[in-house]
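Here is the structure we will look at.
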Amino acid sequence: MRILVKGAGVAGLTVAWQLYRHGFDVTVQEKADAIGTGASGFAGGMLAPWCERESAEEPVLSLGRTAADWWEAALPGQVQRRGTLVVAGGRDTGELDRFASRTTGWEWLDETAIGALEPDLAGRFRKALFFREEAHLDPRRALSGLTAALEEARMRFLFGDSKDKGAFDRIVDCTGAGRIGQLPDLRGVRGEMLYLETEEINLSRPVRLLHPRHPIYIVPREKNRFMVGATMIETDDAGPVTARSMMELLNAAYALHPTFGEARVAETGAGIRPAYPDNLPRVTAFGDTIHVNGFYRHGFLLAPAMAGEVARRLLAEAPQPERLAS
Ligand SMILES: Cc1cc2nc3c(=O)[nH]c(=O)nc-3n(C[C@H](O)[C@H](O)[C@H](O)COP(=O)(O)OP(=O)(O)OC[C@H]3O[C@@H](n4cnc5c(N)ncnc54)[C@H](O)[C@@H]3O)c2cc1C
């Protein structure tokens, strides 16, 4: 069966990967000239289903808890299984109790245990929640890793205006926010982020700083970089980061550790998270097209499960020779 996957964000690339492994003949078409120009390129890459359950429905946990295994199998060595640390400033420690009451999978840490886990945060917070089972990856490395592996397997990628003149049996549309206004109920939730660069501080895992109005997280990357995210604004305006958002993100980073005040702002950006009213992703079929959309805050976390669902549907129509064991 010939499949055209539209969109090379995390949704499209995981679908392409999964279908390829099940023996389908897949072509990927991406409107931009490169991968990672949509929301996926701005993501934190947190695989954090227990933390996300604080504000998300149950399927985010049940569908997301095996995501780290999927990514590790697809891209060996890219997944960091170091857990998530959740802290709150002196006046906001009540936020930690609230967070704990809405989640599972955590343990309390005292000041000594926080310092043992993250030495550069020693003495800064009296208590914290630690979600030991959570993981993270670098989204840009993951997207280029999947693309490189698929290109090596001779999958066709069409960028920009390139078209494939052949006929396809099915289209799998993974165009994210590109379908706002076309798919019923799909909306955009803007996420602004920035990259800070400093050699003066080390973190080994994502750290979430709770705050009643501006909760943020910092995800360490290679080369002394830290991704600071993210705003949640109900709009599909993908324009540059606003001064207000930049101040909020920088203030929160400074509150986590004043050393971030000396960091260089290496990059700022905004991505539009595609979301349905329940903030859960959907696989929906209209004629010959299957839409995989609505990943909201959970593209890296839930794309593997949704890609599996697409493969199951297509295999039920036309079983293919398995190409590789998964
Ligand atoms: C700041 C921020 C932080 C985030 N952090 C996390 C996180 O830590 N963990 C997590 O799991 N998720 C996170 N997310 C959410 C995640 O990034 C999104 O859910 C995910 O990227 C959505 O993926 P997608 O492939 O559906 O969309 P996109 O990444 O936007 O990809 C869609 C692609 O389709 C292309 N396209 C559009 N129209 C067409 C067309 N007509 N033909 C062909 N191609 C087309 C676009 O160019 C784009 O490349 C975050 C998001 C943001 C913005």
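Computed from the coordinates by the stated procedures, all read-outs in this text should not be read as laboratory data. None of the values given here were measured: they were computed from a predicted structure. Glycine also receives a Cβ, built like all others from the backbone with ideal geometry; neighbour counts cover every protein chain displayed.
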**Fill in**
Evaluated at 10 °C and 1.306 mPa s, the Stokes-Einstein D of segment 46-204 based on the Kirkwood radius over Cα pairs, in µm²/s, stands at 82 µm²/s
**Message:** If neighbour count is taken as other Cβ atoms inside 10 Å, put GLU52, GLU57 in order from fewest to most.
**Reply:** GLU57, GLU52
**Prompt:** Over the chain, what is the relative contact order in whole percent, taking alpha-carbon pairs under 8 Å and six or more residues apart?
**Reply:** 26 percent
**Asked** Which angle between 0 and 90 degrees, to the nearest 10, do you get for helix 299-317 versus the longest principal axis of the chain when only C-alpha atoms count?
**Response** 20 degrees
**Prompt:** If amide H atoms are built 1.01 Å from N in the plane of the peptide, which residues on other chains or at least 5 residues away come under 5 Å of the amide H of VAL172?
**Reply:** LEU4, VAL5, LYS6, ILE290
**Asked** Percent antiparallel among DSSP beta bridges with both residues in the chain, to the nearest 5?
**Response** 65 percent
**Prompt:** Hey, what angle do you get for helix 243-256 against the long axis of the chain, alpha-carbon based, 0 to 90 degrees rounded to 10?
**Reply:** 60 degrees
**Complete:** Given backbone amide H placed at 1.01 Å from N, residues whose amide H is under 5 Å from that of ARG156, ignoring those fewer than 5 places away on the same chain, are VAL28
**Item:** Net charge over other residues, Cβ less than 13 angstrom from the Cβ of ASP25 (K, R count +1; D, E count -1)
**Value:** +4
**Message:** Using only DSSP helix segments of four residues or longer, with each worth -39500 (n - 2.57), what per-residue ellipticity at 222 nm results for the chain after dividing by its residue count and rounding to 500?
**Reply:** -8500 deg cm²/dmol
**Complete:** For segment 150-195 the translational diffusion coefficient, Stokes-Einstein from a Kirkwood Rh over Cα pairs at 10 °C and viscosity 1.306 mPa s, in µm²/s, is roughly 111 µm²/s
**Prompt:** Could you give me the ³J(HN,Hα) list for segment 6-22, computed from phi with Karplus coefficients 6.51, -1.76, 1.60 and θ = phi - 60°, whole Hz, x at Gly and Pro?
**Reply:** 9, x, 10, x, 5, 5, x, 6, 6, 4, 4, 4, 5, 5, 4, 5, 8
**Request:** Compute the separation of the alpha-carbon centres of segment 248-326 and segment 109-174 and state it in Å as a whole number.
**Result:** 9 Å
